[in-house]
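The values are calculated or read from the model by the stated rules, or taken from the named source; none is laboratory data. Quick caveat, the model's predicted, so the values are computed rather than measured. With ideal geometry, Cβ positions are generated from the backbone for all residues, glycine too; neighbour counts draw on all protein chains shown. The protein model used for the area step is the full one, side chains on, heavy atoms only, and it has no ligands, DNA or RNA in it. Shrake-Rupley method; radii C 1.70, N 1.55, O 1.52, S 1.80 Å.
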Amino acid sequence: MAEHKAGFVNIIGNPNVGKSTLMNAFVGEKLSIITSKAQTTRHRILGIVNGDDFQVILSDTPGIIKPAYELQTSMMDFVKSAFEDADVLLYMVEIGEKALKDEQFFDKIKKTQIPVLLLLNKIDTSEQEVLEEQVQYWQQQLPGAEIHPISALENFNVKEVFDRILQLLPEAPAFYPKDQLTDKPERFFVNETIREKILQQYKKEIPYAVEIETEEFFEDEKIIRMRSVIMVERDSQKGIIIGHKGSALKRVGVAARKDLEKFFDKQVHLELYVKVNKNWRSDPRQLRRFGYNQKK
């Protein structure tokens, strides 16, 4: 019998370096939401790539930060867990970057026995001379890592990195059914799509004070009917989300519905409501309810 390879490939790095873009490029589906704002990814999201003789389980993680409140602490717990089960670690940096925003994580990368591929992303925005300097810099910082210049957005060198991952994976049977794309339920992607539209359409603190909960998800042959609640922390935020005569909320709903129809390949009816859930980002009980703080 031909050998079968399988393993966990975990992507870590600072906020906004292109981790989610890379994950989606590998998987060929939009699993992780992408915006230009930091801290877009809050959970650890698995994307599964299957072949006849391999299964690559990719993991997109939140950008590394020094936590300021309970939600961010939980986000960093997801990153810590990425060190615990990785067969290959993808450490993603962008041109001009010098280190992780938390030195403890950087030390962990230096000391790890796991194969590390350092992906130098966004090289399409850089001159050749700068790229060469960056490669030299990272060779000194992490002599144990393999360095691969890439552009996740332009799909440059992405296939070469994937081929290298396959070489490094251990022989193992598949961990998930071969037709499975992710470990997350459908409602998770509804929530994330709505949150992406809020990140794109609102400024300042609003997107970071928001959590989405899909309370109803009914699917029949022709249409999926969804009812989702946008949670905010204060009454003033509720007013901003809704907008004048509901106009801002309507924009979010229309944009989210279009993306969800593409994702599910079916007509979608989406109802959105806004509720105040005071200080949910600092409440361990609420965070557990939303899928954070799993360790506590």
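Among the listed residues L287, L272, which satisfies the condition of being assigned to a helix (DSSP H, G or I) and crowded, with 19+ Cβ neighbours inside 10 Å?
Details: L272 fails: assigned to a helix (DSSP H, G or I).
Among L287, L272, only L287 is assigned to a helix (DSSP H, G or I) and crowded, with 19+ Cβ neighbours inside 10 Å.
Could you list, in sequence order, all residues of segment 121-137 that are of a type in the set (A, V, I, L, M) and closer than 20 Å to L90 by Cα?
Keep residues of segment 121-137 that are of a type in the set (A, V, I, L, M), which gives 123, 130-131, 135.
Within segment 121-137, I123, L131, V135 qualify.
Quick check on segment 155-184: of everything there that is in contact with a helix residue (DSSP H, G or I) (Cβ under 9 Å, 6 or more places away or on another chain) and part of a loop (DSSP other than H, G, I, E, B), which residue is nearest to A25 (Cα to Cα)? Step through it out loud before you land on a result.
The initial filter retains those residues of segment 155-184 that are in contact with a helix residue (DSSP H, G or I) (Cβ under 9 Å, 6 or more places away or on another chain), namely 155-158, 161-162, 165, 181-182, 184.
In the following step, the residues that additionally are part of a loop (DSSP other than H, G, I, E, B) were identified as 155, 157, 181, 184.
On the way: N155: 7, N157: 11, L181: 13, K184: 18 Å.
The qualifying residue nearest to A25 (Cα to Cα) is N155.
K238 fails exactly one of the following numbered conditions: (1) basic (K, R); (2) open to solvent by less than 50 Å² (accessible area, probe 1.4 Å); (3) touching a strand residue (DSSP E or B) at 6+ places or on another chain (Cβ under 6 Å). What is the number of that condition?
Result: K238 passes all but (2).
Among the residues of segment 86-109, are any among the polar types (S, T, N, Q) and either modelled with pLDDT of 80 or more or open to solvent by less than 20 Å² (accessible area, probe 1.4 Å) (or both)? Walk me through how you get there before you give the answer.
Of segment 86-109, the ones among the polar types (S, T, N, Q) are 104.
Pick out the ones that are also either modelled with pLDDT of 80 or more or open to solvent by less than 20 Å² (accessible area, probe 1.4 Å) (or both) and you get none.
No: zero hits.
Outside any strand (DSSP E or B) and either hydrophobic (A, V, I, L, M, F, W, C) or in contact with a helix residue (DSSP H, G or I) (Cβ under 6 Å, 6 or more places away or on another chain) (or both): does that describe P207? If you could, list the steps in order and put the result at the bottom.
Values: outside any strand (DSSP E or B): yes; either hydrophobic (A, V, I, L, M, F, W, C) or in contact with a helix residue (DSSP H, G or I) (Cβ under 6 Å, 6 or more places away or on another chain) (or both): yes.
So P207 passes the test.
State the number of residues belonging to segment 115-129 that are under 19 Å from N14 (Cβ atoms) and without any contact (Cβ under 8 Å) to a residue 60 or more places away in the chain.
Of the residues in that region, 8 qualify.
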